[in-house]
Amino acid sequence: MHFPAADDALEPRATPLYAAAAGLSATNSWTSINGFASARVYTSVEEEYKAASEDAALVDLGPMRRYTLRGKDAGVILSRLTTTPVAEVAVGESARGLILDTDGFVVDFADLTRLSDDLYLLTTATPVDRRLQLAARGFEAEALNVGAMVAALGIAGPLAREAASAAGIDLLSADATAQGRVRGVELAIRPVGFGAAPGVEIMCPADEALVVFERLRRKRPLPAAGLEALEILRIEGGVPRVGVDFAGADQAGALSERRLPNEVGLPHLAPPNRAWFNGRRAMKSAPSSGRYLVVLSIDSDRAAPGAAIYAKGEAVGRITSSAFSPRLRRVVAFAELAATALDRPLEAAIAGPARAPARLHETEESRRAGVFRENLKTATESGRSSV
(Lines give C-alpha, C1' and ligand atoms only; values in the text may rest on other atoms or scores of the structure.)
Protein backbone atom coordinates (compact mmCIF):
# COMPACT_ATOMS: atom_id res chain seq x y z
CA MET A 1 0.00 0.00 0.00
CA HIS A 2 1.39 3.36 -0.99
CA PHE A 3 0.76 6.54 0.94
CA PRO A 4 -0.34 9.83 -0.66
CA ALA A 5 0.76 13.24 0.57
CA ALA A 6 -1.43 15.63 2.52
CA ASP A 7 -2.79 18.43 0.34
CA ASP A 8 -4.27 20.71 3.04
CA ALA A 9 -7.48 21.48 1.14
CA LEU A 10 -9.46 24.30 2.73
CA GLU A 11 -12.74 22.37 2.68
CA PRO A 12 -11.97 18.64 2.55
CA ARG A 13 -14.77 16.29 1.56
CA ALA A 14 -16.03 13.40 3.64
CA THR A 15 -15.07 9.84 2.70
CA PRO A 16 -17.84 7.20 2.87
CA LEU A 17 -16.39 6.20 6.27
CA TYR A 18 -15.99 9.73 7.64
CA ALA A 19 -18.96 9.53 10.04
CA ALA A 20 -17.61 6.33 11.58
CA ALA A 21 -14.07 7.70 11.77
CA ALA A 22 -15.24 10.95 13.36
CA GLY A 23 -17.12 8.96 15.98
CA LEU A 24 -13.87 7.27 17.05
CA SER A 25 -11.82 10.46 17.11
CA ALA A 26 -11.05 11.70 20.61
CA THR A 27 -8.51 14.28 19.44
CA ASN A 28 -10.37 15.91 16.52
CA SER A 29 -7.06 16.13 14.67
CA TRP A 30 -7.53 16.06 10.91
CA THR A 31 -5.75 16.81 7.65
CA SER A 32 -6.63 16.53 3.96
CA ILE A 33 -5.55 13.79 1.54
CA ASN A 34 -6.52 14.21 -2.12
CA GLY A 35 -9.21 16.63 -0.94
CA PHE A 36 -10.67 14.18 1.63
CA ALA A 37 -10.65 14.55 5.41
CA SER A 38 -8.26 12.11 7.10
CA ALA A 39 -7.57 11.67 10.82
CA ARG A 40 -4.05 12.34 12.02
CA VAL A 41 -4.63 10.76 15.44
CA TYR A 42 -7.73 9.15 16.95
CA THR A 43 -6.63 8.55 20.55
CA SER A 44 -2.84 8.39 20.78
CA VAL A 45 -0.09 7.59 18.30
CA GLU A 46 1.44 4.99 20.65
CA GLU A 47 -1.81 3.06 21.10
CA GLU A 48 -2.61 3.10 17.40
CA TYR A 49 0.90 2.05 16.38
CA LYS A 50 0.86 -0.82 18.88
CA ALA A 51 -2.49 -2.07 17.58
CA ALA A 52 -1.44 -1.85 13.92
CA SER A 53 1.96 -3.44 14.45
CA GLU A 54 1.01 -6.17 16.95
CA ASP A 55 -2.73 -6.79 16.57
CA ALA A 56 -5.16 -5.08 14.18
CA ALA A 57 -6.47 -1.56 13.58
CA LEU A 58 -8.97 -0.03 11.18
CA VAL A 59 -7.83 2.43 8.50
CA ASP A 60 -10.00 4.62 6.27
CA LEU A 61 -8.53 4.19 2.79
CA GLY A 62 -11.10 6.43 1.10
CA PRO A 63 -8.58 9.12 0.03
CA MET A 64 -6.75 6.73 -2.31
CA ARG A 65 -7.61 7.11 -6.01
CA ARG A 66 -9.21 4.13 -7.75
CA TYR A 67 -9.96 3.35 -11.38
CA THR A 68 -11.34 0.38 -13.26
CA LEU A 69 -10.43 -0.65 -16.79
CA ARG A 70 -12.67 -3.09 -18.60
CA GLY A 71 -12.31 -4.43 -22.12
CA LYS A 72 -10.15 -6.60 -24.33
CA ASP A 73 -7.34 -4.02 -24.42
CA ALA A 74 -7.40 -3.17 -20.70
CA GLY A 75 -4.24 -5.15 -20.04
CA VAL A 76 -2.42 -3.51 -22.95
CA ILE A 77 -3.31 -0.04 -21.67
CA LEU A 78 -2.06 -0.82 -18.17
CA SER A 79 1.14 -2.36 -19.55
CA ARG A 80 1.87 0.97 -21.20
CA LEU A 81 0.73 3.21 -18.36
CA THR A 82 2.35 1.34 -15.46
CA THR A 83 5.45 -0.75 -14.81
CA THR A 84 3.39 -3.55 -13.24
CA PRO A 85 3.86 -7.00 -14.83
CA VAL A 86 0.31 -7.05 -16.20
CA ALA A 87 0.79 -10.09 -18.41
CA GLU A 88 1.89 -12.14 -15.39
CA VAL A 89 -1.03 -11.15 -13.15
CA ALA A 90 -3.73 -13.84 -12.98
CA VAL A 91 -7.33 -13.24 -11.95
CA GLY A 92 -7.39 -12.48 -8.22
CA GLU A 93 -3.75 -11.45 -8.10
CA SER A 94 -2.26 -8.02 -7.45
CA ALA A 95 1.02 -6.36 -8.41
CA ARG A 96 2.80 -3.17 -7.49
CA GLY A 97 4.53 -0.81 -9.86
CA LEU A 98 5.09 2.80 -10.81
CA ILE A 99 3.79 5.28 -13.34
CA LEU A 100 6.64 6.98 -15.23
CA ASP A 101 6.63 9.95 -17.57
CA THR A 102 8.06 9.68 -21.07
CA ASP A 103 11.49 10.67 -19.73
CA GLY A 104 11.55 7.78 -17.25
CA PHE A 105 10.94 9.79 -14.07
CA VAL A 106 8.50 8.66 -11.36
CA VAL A 107 5.02 10.19 -11.52
CA ASP A 108 3.18 8.03 -9.01
CA PHE A 109 2.74 4.58 -7.53
CA ALA A 110 0.50 2.00 -9.20
CA ASP A 111 -1.25 -0.87 -7.43
CA LEU A 112 -2.95 -3.24 -9.86
CA THR A 113 -5.52 -5.97 -9.17
CA ARG A 114 -7.03 -8.21 -11.83
CA LEU A 115 -10.68 -8.79 -10.92
CA SER A 116 -11.65 -10.86 -13.99
CA ASP A 117 -10.30 -11.72 -17.44
CA ASP A 118 -10.94 -8.22 -18.79
CA LEU A 119 -11.48 -6.13 -15.63
CA TYR A 120 -8.69 -4.47 -13.65
CA LEU A 121 -8.60 -2.19 -10.62
CA LEU A 122 -5.88 0.47 -10.52
CA THR A 123 -5.12 2.25 -7.24
CA THR A 124 -2.85 5.30 -7.17
CA ALA A 125 -1.65 7.78 -4.58
CA THR A 126 -2.74 10.85 -6.56
CA PRO A 127 -5.28 11.44 -9.36
CA VAL A 128 -4.10 10.18 -12.78
CA ASP A 129 -7.32 10.68 -14.77
CA ARG A 130 -5.63 12.57 -17.59
CA ARG A 131 -2.82 10.05 -18.05
CA LEU A 132 -5.31 7.19 -18.04
CA GLN A 133 -7.49 8.88 -20.68
CA LEU A 134 -4.48 9.46 -22.94
CA ALA A 135 -3.24 5.89 -22.50
CA ALA A 136 -6.68 4.49 -23.43
CA ARG A 137 -6.99 6.41 -26.72
CA GLY A 138 -7.34 4.09 -29.70
CA PHE A 139 -7.87 0.97 -27.59
CA GLU A 140 -11.00 -1.03 -26.84
CA ALA A 141 -11.46 -0.58 -23.13
CA GLU A 142 -13.45 1.65 -20.81
CA ALA A 143 -11.66 3.53 -18.04
CA LEU A 144 -13.74 4.69 -15.10
CA ASN A 145 -12.90 6.69 -11.98
CA VAL A 146 -14.68 4.72 -9.24
CA GLY A 147 -13.33 6.68 -6.28
CA ALA A 148 -16.74 8.13 -5.45
CA MET A 149 -18.55 4.83 -5.95
CA VAL A 150 -16.66 2.56 -3.59
CA ALA A 151 -15.53 2.67 0.01
CA ALA A 152 -12.26 1.12 1.10
CA LEU A 153 -11.63 0.02 4.68
CA GLY A 154 -8.23 -1.27 5.66
CA ILE A 155 -7.34 -3.52 8.57
CA ALA A 156 -3.66 -3.12 9.42
CA GLY A 157 -1.77 -5.60 11.55
CA PRO A 158 -0.72 -9.24 11.83
CA LEU A 159 -4.22 -10.25 13.04
CA ALA A 160 -6.06 -8.42 10.24
CA ARG A 161 -7.30 -11.60 8.57
CA GLU A 162 -8.59 -12.98 11.85
CA ALA A 163 -10.44 -9.75 12.56
CA ALA A 164 -12.14 -9.82 9.16
CA SER A 165 -13.02 -13.50 9.48
CA ALA A 166 -14.49 -13.03 12.96
CA ALA A 167 -16.91 -10.50 11.50
CA GLY A 168 -18.03 -12.97 8.86
CA ILE A 169 -15.91 -11.46 6.09
CA ASP A 170 -14.15 -14.74 5.42
CA LEU A 171 -13.65 -14.49 1.67
CA LEU A 172 -9.87 -14.72 1.98
CA SER A 173 -8.63 -18.24 1.43
CA ALA A 174 -5.21 -17.39 -0.01
CA ASP A 175 -3.02 -14.44 -0.94
CA ALA A 176 -5.43 -13.29 -3.61
CA THR A 177 -8.35 -10.95 -4.09
CA ALA A 178 -11.72 -12.52 -3.43
CA GLN A 179 -15.16 -11.20 -4.33
CA GLY A 180 -18.55 -12.18 -3.02
CA ARG A 181 -21.70 -11.19 -1.21
CA VAL A 182 -21.57 -11.27 2.58
CA ARG A 183 -24.88 -10.77 4.39
CA GLY A 184 -26.30 -8.97 1.40
CA VAL A 185 -23.32 -6.65 0.80
CA GLU A 186 -21.12 -7.02 -2.27
CA LEU A 187 -17.48 -7.08 -1.13
CA ALA A 188 -13.99 -7.44 -2.53
CA ILE A 189 -11.16 -8.14 -0.12
CA ARG A 190 -7.47 -8.38 -0.85
CA PRO A 191 -4.19 -8.63 1.06
CA VAL A 192 -2.18 -5.39 1.25
CA GLY A 193 0.77 -4.06 3.21
CA PHE A 194 0.87 -0.99 5.42
CA GLY A 195 4.59 -0.35 5.33
CA ALA A 196 6.08 -2.69 7.93
CA ALA A 197 2.68 -4.19 8.82
CA PRO A 198 0.61 -6.70 6.83
CA GLY A 199 -3.10 -6.16 6.36
CA VAL A 200 -6.18 -6.47 4.20
CA GLU A 201 -8.33 -4.03 2.26
CA ILE A 202 -12.11 -4.41 2.10
CA MET A 203 -13.94 -2.63 -0.72
CA CYS A 204 -17.70 -2.24 -0.98
CA PRO A 205 -20.28 0.15 -2.48
CA ALA A 206 -19.94 3.58 -0.87
CA ASP A 207 -23.46 3.51 0.59
CA GLU A 208 -22.70 0.23 2.41
CA ALA A 209 -19.50 1.48 4.06
CA LEU A 210 -20.96 2.15 7.50
CA VAL A 211 -22.71 -1.24 7.52
CA VAL A 212 -19.41 -3.06 6.95
CA PHE A 213 -17.64 -0.85 9.50
CA GLU A 214 -20.23 -1.57 12.20
CA ARG A 215 -20.12 -5.31 11.55
CA LEU A 216 -16.38 -5.31 12.13
CA ARG A 217 -16.66 -3.20 15.26
CA ARG A 218 -19.65 -5.12 16.65
CA LYS A 219 -17.79 -8.42 16.64
CA ARG A 220 -14.64 -6.89 18.05
CA PRO A 221 -14.13 -3.17 18.93
CA LEU A 222 -10.99 -2.65 16.87
CA PRO A 223 -9.29 0.74 17.31
CA ALA A 224 -8.67 3.00 14.34
CA ALA A 225 -5.18 4.05 13.23
CA GLY A 226 -4.55 7.59 12.03
CA LEU A 227 -1.94 8.96 9.66
CA GLU A 228 0.72 9.54 12.31
CA ALA A 229 0.76 5.90 13.44
CA LEU A 230 0.72 4.75 9.82
CA GLU A 231 3.60 7.13 9.10
CA ILE A 232 5.82 5.19 11.51
CA LEU A 233 4.94 1.89 9.82
CA ARG A 234 5.46 3.45 6.40
CA ILE A 235 8.99 4.62 7.15
CA GLU A 236 9.85 1.38 8.95
CA GLY A 237 8.78 -0.47 5.81
CA GLY A 238 10.77 1.83 3.51
CA VAL A 239 7.82 3.14 1.46
CA PRO A 240 8.42 6.74 0.29
CA ARG A 241 5.57 9.21 -0.17
CA VAL A 242 4.99 11.12 -3.39
CA GLY A 243 4.89 14.82 -2.59
CA VAL A 244 6.68 14.32 0.73
CA ASP A 245 9.87 12.34 0.17
CA PHE A 246 10.11 13.21 -3.51
CA ALA A 247 8.16 15.24 -6.03
CA GLY A 248 6.16 13.34 -8.62
CA ALA A 249 7.30 14.17 -12.14
CA ASP A 250 4.03 15.94 -12.93
CA GLN A 251 4.47 18.26 -9.94
CA ALA A 252 8.25 18.71 -10.06
CA GLY A 253 9.55 21.95 -11.49
CA ALA A 254 13.05 21.72 -12.92
CA LEU A 255 14.39 18.51 -14.42
CA SER A 256 16.83 18.29 -11.50
CA GLU A 257 13.86 17.84 -9.12
CA ARG A 258 12.56 14.74 -10.87
CA ARG A 259 13.61 11.31 -9.67
CA LEU A 260 14.30 7.97 -11.32
CA PRO A 261 12.97 4.73 -9.76
CA ASN A 262 16.46 3.81 -8.56
CA GLU A 263 16.89 7.22 -6.92
CA VAL A 264 13.76 6.78 -4.76
CA GLY A 265 14.90 3.29 -3.72
CA LEU A 266 12.39 1.39 -5.88
CA PRO A 267 14.31 -0.02 -8.88
CA HIS A 268 12.52 -3.35 -8.42
CA LEU A 269 9.20 -1.69 -9.28
CA ALA A 270 10.45 -0.60 -12.72
CA PRO A 271 12.71 -3.40 -13.99
CA PRO A 272 14.30 -2.35 -17.31
CA ASN A 273 14.80 -5.98 -18.28
CA ARG A 274 11.06 -6.68 -18.22
CA ALA A 275 8.43 -6.01 -20.89
CA TRP A 276 8.01 -2.55 -22.41
CA PHE A 277 6.36 0.25 -20.44
CA ASN A 278 6.17 4.00 -20.85
CA GLY A 279 9.51 5.64 -20.06
CA ARG A 280 11.45 2.35 -19.99
CA ARG A 281 13.96 3.24 -22.71
CA ALA A 282 14.34 6.85 -21.55
CA MET A 283 14.89 5.71 -17.96
CA LYS A 284 18.12 3.97 -18.97
CA SER A 285 19.68 7.16 -20.31
CA ALA A 286 17.98 9.82 -18.17
CA PRO A 287 20.34 12.12 -16.26
CA SER A 288 20.79 11.13 -12.64
CA SER A 289 20.52 13.70 -9.86
CA GLY A 290 23.24 11.89 -7.93
CA ARG A 291 20.95 11.84 -4.89
CA TYR A 292 19.20 8.84 -3.37
CA LEU A 293 16.37 8.29 -0.92
CA VAL A 294 17.34 6.04 1.99
CA VAL A 295 15.92 5.22 5.41
CA LEU A 296 18.06 6.16 8.41
CA SER A 297 17.83 5.22 12.06
CA ILE A 298 18.88 8.16 14.21
CA ASP A 299 20.01 7.88 17.82
CA SER A 300 17.54 10.47 19.07
CA ASP A 301 13.90 10.85 20.01
CA ARG A 302 13.42 13.71 17.56
CA ALA A 303 14.65 14.80 14.12
CA ALA A 304 12.54 17.13 12.05
CA PRO A 305 11.89 16.99 8.30
CA GLY A 306 14.23 19.39 6.56
CA ALA A 307 17.06 18.81 9.05
CA ALA A 308 20.49 18.41 7.53
CA ILE A 309 22.46 15.17 7.34
CA TYR A 310 26.23 15.47 7.72
CA ALA A 311 29.22 13.34 6.82
CA LYS A 312 32.47 14.44 8.50
CA GLY A 313 31.05 17.90 9.06
CA GLU A 314 29.87 18.38 5.49
CA ALA A 315 26.16 18.68 4.72
CA VAL A 316 25.34 15.82 2.36
CA GLY A 317 21.56 15.67 2.45
CA ARG A 318 18.36 16.36 4.33
CA ILE A 319 15.56 14.54 6.09
CA THR A 320 12.36 14.39 4.04
CA SER A 321 10.10 12.67 6.61
CA SER A 322 10.62 11.28 10.09
CA ALA A 323 8.89 9.60 13.01
CA PHE A 324 9.83 8.14 16.38
CA SER A 325 9.63 4.34 16.29
CA PRO A 326 8.42 2.85 19.59
CA ARG A 327 9.76 -0.55 18.49
CA LEU A 328 13.25 0.68 17.67
CA ARG A 329 13.20 3.39 20.36
CA ARG A 330 14.76 5.91 18.03
CA VAL A 331 13.83 8.07 15.09
CA VAL A 332 13.44 6.51 11.66
CA ALA A 333 13.61 8.89 8.75
CA PHE A 334 13.69 9.10 5.01
CA ALA A 335 16.59 11.23 3.83
CA GLU A 336 17.82 12.26 0.43
CA LEU A 337 21.60 11.90 0.35
CA ALA A 338 24.35 12.54 -2.14
CA ALA A 339 25.57 9.28 -3.66
CA THR A 340 29.07 9.94 -2.34
CA ALA A 341 27.76 9.87 1.26
CA LEU A 342 26.04 6.48 1.22
CA ASP A 343 29.04 4.61 2.63
CA ARG A 344 30.26 7.31 5.04
CA PRO A 345 29.54 7.78 8.78
CA LEU A 346 26.53 10.06 9.13
CA GLU A 347 25.05 12.49 11.64
CA ALA A 348 21.65 14.17 11.73
CA ALA A 349 20.92 17.67 13.01
CA ILE A 350 18.40 17.31 15.85
CA ALA A 351 18.21 20.68 17.67
CA GLY A 352 20.24 23.81 17.10
CA PRO A 353 23.89 22.79 16.74
CA ALA A 354 23.28 19.34 18.26
CA ARG A 355 23.75 16.26 16.09
CA ALA A 356 23.06 12.56 16.58
CA PRO A 357 24.62 9.50 14.93
CA ALA A 358 22.64 8.16 11.98
CA ARG A 359 23.03 4.96 10.01
CA LEU A 360 21.39 3.28 7.05
CA HIS A 361 18.39 1.23 8.16
CA GLU A 362 17.44 -1.89 6.24
CA THR A 363 13.75 -2.14 5.35
CA GLU A 364 11.65 -4.58 3.37
CA GLU A 365 11.81 -2.30 0.34
CA SER A 366 15.58 -1.80 0.61
CA ARG A 367 16.05 -5.58 0.81
CA ARG A 368 13.99 -6.07 -2.33
CA ALA A 369 15.88 -3.29 -4.08
CA GLY A 370 19.21 -4.84 -3.07
CA VAL A 371 18.26 -8.27 -4.38
CA PHE A 372 17.01 -6.75 -7.62
CA ARG A 373 20.18 -4.72 -8.18
CA GLU A 374 22.34 -7.78 -7.55
CA ASN A 375 20.27 -9.97 -9.89
CA LEU A 376 20.32 -7.31 -12.59
CA LYS A 377 24.08 -6.92 -12.23
CA THR A 378 24.59 -10.69 -12.47
CA ALA A 379 22.33 -10.93 -15.53
CA THR A 380 24.12 -8.05 -17.23
CA GLU A 381 27.58 -9.51 -16.55
CA SER A 382 26.42 -12.92 -17.72
CA GLY A 383 25.09 -11.40 -20.94
CA ARG A 384 28.35 -9.60 -21.60
CA SER A 385 30.46 -12.71 -21.00
CA SER A 386 28.41 -14.70 -23.49
CA VAL A 387 28.96 -12.20 -26.27
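Summary table below
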{"quantity": "Every residue from region 85-100 that is open to solvent by 10 Å² or more (accessible area, probe 1.4 Å) and under 19 Å from ALA249 (Cα atoms)", "calculated": "ARG96"}
{"quantity": "Set PRO4, PRO16: member being of a type outside the set (Gly, Ala, Ser), touching a Pro at 6+ places or on another chain (Cβ under 9 Å) and within 21 Å of ILE232 (Cα to Cα)", "calculated": "PRO4"}
{"quantity": "Region 16-35 - residue that is open to solvent by 10 Å² or more (accessible area, probe 1.4 Å), among the hydrophobic types (A, V, I, L, M, F, W, C) and not in a loop (DSSP other than H, G, I, E, B) and, of those, nearest to VAL244 (Cα to Cα)", "calculated": "TRP30"}
{"quantity": "Hits in region 36-71 (condition: among the acidic types (Asp, Glu) and open to solvent by 10 Å² or more (accessible area, probe 1.4 Å))", "calculated": "GLU46, GLU47, GLU54, ASP55, ASP60"}
{"quantity": "In region 286-310, the residues that are without any contact (Cβ under 8 Å) to a residue 60 or more places away in the chain, open to solvent by less than 20 Å² (accessible area, probe 1.4 Å) and more than 11 Å from ARG355 (Cβ to Cβ)", "calculated": "LEU293"}
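Yes or no, residue by residue, for (1) open to solvent by 10 Å² or more (accessible area, probe 1.4 Å); (2) at pLDDT below 95; (3) basic (Lys, Arg):
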{"position": "GLY154", "(1), (2), (3)": "no, no, no"}
{"position": "GLY157", "(1), (2), (3)": "no, no, no"}
{"position": "ALA160", "(1), (2), (3)": "no, yes, no"}
{"position": "SER165", "(1), (2), (3)": "yes, yes, no"}
{"position": "ALA178", "(1), (2), (3)": "yes, yes, no"}
{"position": "ARG183", "(1), (2), (3)": "yes, yes, yes"}
{"position": "ILE189", "(1), (2), (3)": "no, yes, no"}
{"position": "MET203", "(1), (2), (3)": "yes, yes, no"}
{"position": "ARG234", "(1), (2), (3)": "no, no, yes"}
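Residues checked against (1) of a type outside the set (A, V, I, L, M); (2) out of contact with any strand residue (DSSP E or B) (no Cβ under 8 Å at 6 or more places or on another chain); (3) within 30 Å of HIS361 (Cα to Cα):
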{"position": "GLU208", "(1), (2), (3)": "yes, no, no"}
{"position": "VAL212", "(1), (2), (3)": "no, no, no"}
{"position": "LEU216", "(1), (2), (3)": "no, no, no"}
{"position": "PRO221", "(1), (2), (3)": "yes, yes, no"}
{"position": "ALA225", "(1), (2), (3)": "no, no, yes"}
{"position": "ILE232", "(1), (2), (3)": "no, no, yes"}
{"position": "ILE235", "(1), (2), (3)": "no, no, yes"}
{"position": "GLY238", "(1), (2), (3)": "yes, no, yes"}
{"position": "PHE246", "(1), (2), (3)": "yes, no, yes"}
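The values are calculated or read from the model by the stated rules, or taken from the named source; none is laboratory data. What you see is a predicted model; the values in this text were computed from it and never measured. Cβ sites come from the backbone with ideal geometry, for glycine too, and all protein chains shown count toward neighbours. In case anyone asks, the SASA skips ligands and DNA or RNA and just uses the protein heavy atoms, side chains included. Shrake-Rupley method; radii C 1.70, N 1.55, O 1.52, S 1.80 Å.
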